[in-house]
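Below: the structure, in structure tokens.
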Amino acid sequence: MSEIQIRNLSKSFGDVQVIHDVSLTIAEQEFCIFVGPSGCGKSTLLRLIAGLEDATSGRIMIGGRDVTNLEPYDRQLAMVFQSYALYPHMNVRDNIAFALRTAKMPEERIAEKIADAARILQLGDYLDRKPSALSGGQRQRVAIGRAIVREPLAFLFDEPLSNLDAALRGETRVEIAALHRSLNATTIYVTHDQIEAMTLADRIVVLKDGRIMQTGLPTELYNHPANVFVAQFLGSPKMNIMQADLTGTGIKLPGHKEIPMPQMANPQAIQLGIRPECMSLVEPEMGQLSGRVTLNEFHGGSRTVIVDIGLNTAVALQIPASQSPQLGESIGLVCNHDDFHIFHANGERL
């Protein structure tokens with residue numbers, strides 16, 4: 001069993017509390033990603049699970065065993081760091097074998113484990129090279145190989161792709177996804193990159209200021225965000241959020257005509273969210289909103305267009321590359337009511 005349970009976990013550094021009463025269960029064989037902006041507590045939470053930080057309060061259970069006060073090695077976890085943490089004077093073979101030799105495993109068994117890891121990670125041609133002779137992606141694979149041979153209860157990844165360029169990050173992301181499918185191991189992965197989170201995770205945990213904002217499937221968080229923070233954190237370009245009012249007969253944005261729709265709640269101030277890919281271009285007089293184009297970025301198969309709709313409010317839309325409104329052009333914008341996200345004035349979903 002490799003289920004990980006976090007119960008009412010808190011962590012303070014002096015007078016500063018960085019993790020606030022977090023409770024969470026990571027199922028066996030699940031690929032769970034902690035995501036959030038810098039300083040949200042995601043790496044601290046991972047280090048608490050690993051035993052690299054001591055919890056101020058709360059409990060950590062792994063496979064039904066309370067490991068809260070155990071040393072890192074006794075938790076039977078393997079952690080892969082952003083910095084690779086390879087020994088520069090050792091070749092790949094010795095780097096992978098280091099923890100096994102420290103545990104005095106027989107050399108014959110060590111050789112078998114190295115061969116298996118090299119096959120899984122396609123490192124067979126690099127076993128005799130030093131880390132300095134490897135690319136960033138190859139070094140990260142060595143670090144993962146060192147974790148695999150320990151046969152841990154779970155893998156912990158702390159922003160493992162942050163040091164790679166964009167192309168290599170994409171390739172390595174595919175390799176990590178394939179690795180998880182082949183090993184079926186419980187995995188916790190920390191990143192600030194929402195694309196990594198959306199493409200890799202079975203489940204995403206969004207953190208802010210040491211608190212869980214929402215947890216769920218990537219599609220669930222993207223389509224039904226619990227609050228404005230989650231709505232804008234997931235998605236690129238981020239969700240448009242506009243100040244508006246429920247009128248009883250529709251939604252009214254200052255300076256624009258009312259958008260008729262069935263009454264959803266009592267008249268009140270709201271925040272209206274619309275994702276950029278859900279908006280379409282029309283003639284100005286036909287739009288639910290209208291404004292002037294201030295930016296038109298070409299992205300190959302699509303364009304990102306920024307439209308000033310007045311009152312110091314700009315909205316982004318993603319449209320096919322074949323559509324190319326001119327800078328300064330007046331345009332209208334429409335969106336299906338089903339794609340509206342309506343939040344209370346305080347930011348929580350209505």
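Any read-out appearing in this document is the output of simple, stated calculations on the displayed coordinates, not a laboratory observation. The structure displayed is predicted, hence computed values, not measured ones. Every residue, glycine among them, receives a Cβ derived from its backbone with ideal geometry; neighbour counts consider all protein chains shown.
Key figures for this structure:
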{"item": "Relative contact order (%) - criterion: Cα under 8 Å, at least six apart; region: segment 240-344", "result": "29 percent"}
{"item": "Förster-model FRET efficiency, 41 Å R0, Glu71 and Val282, C-beta, rounded to 0.05", "result": "0.05"}
{"item": "Under 10 Å, Cβ to Cβ, from Leu217 - net charge with Lys/Arg +1 and Asp/Glu -1", "result": "-1"}
{"item": "Table column - 3J(HN,Hα) (Hz), segment 250-255, Karplus curve with 6.51, -1.76, 1.60, x for Gly and Pro", "result": "x, 10, 10, 9, x, x"}
{"item": "Relative contact order of the chain, defined on C-alpha pairs under 8 angstrom at six or more residues apart (%)", "result": "15 percent"}
{"item": "Two-decimal log10 I(q)/I(0) for segment 4-233, as the Debye equation yields it once each C-alpha is a single scatterer, q = 0.07, 0.14 Å⁻¹", "result": "-0.23, -0.90"}
{"item": "Length added when fully stretched, Ser23-Glu258, from 0.36 nm per residue minus Cα-Cα", "result": "80.3 nm"}
{"item": "Aspartates and glutamates whose Cα lies under 17 Å from that of Lys113, excluding same-chain neighbours fewer than 8 positions away", "result": "Asp94, Asp125, Asp128, Glu151"}
{"item": "Unit charges at the beta carbon, dipole of segment 4-233: most positive-side option, Ile110, Ile4, Gln82", "result": "Ile110"}
{"item": "Cα-centred dipole magnitude for the chain, charges only on beta-carbon of K, R (+1) and D, E (-1), debye, nearest 20", "result": "640 debye"}
{"item": "Cross-link partners of Lys42 among lysines (Cα-Cα below 27 Å; sequence separation of 8 or more within a chain)", "result": "Lys11, Lys208, Lys238"}
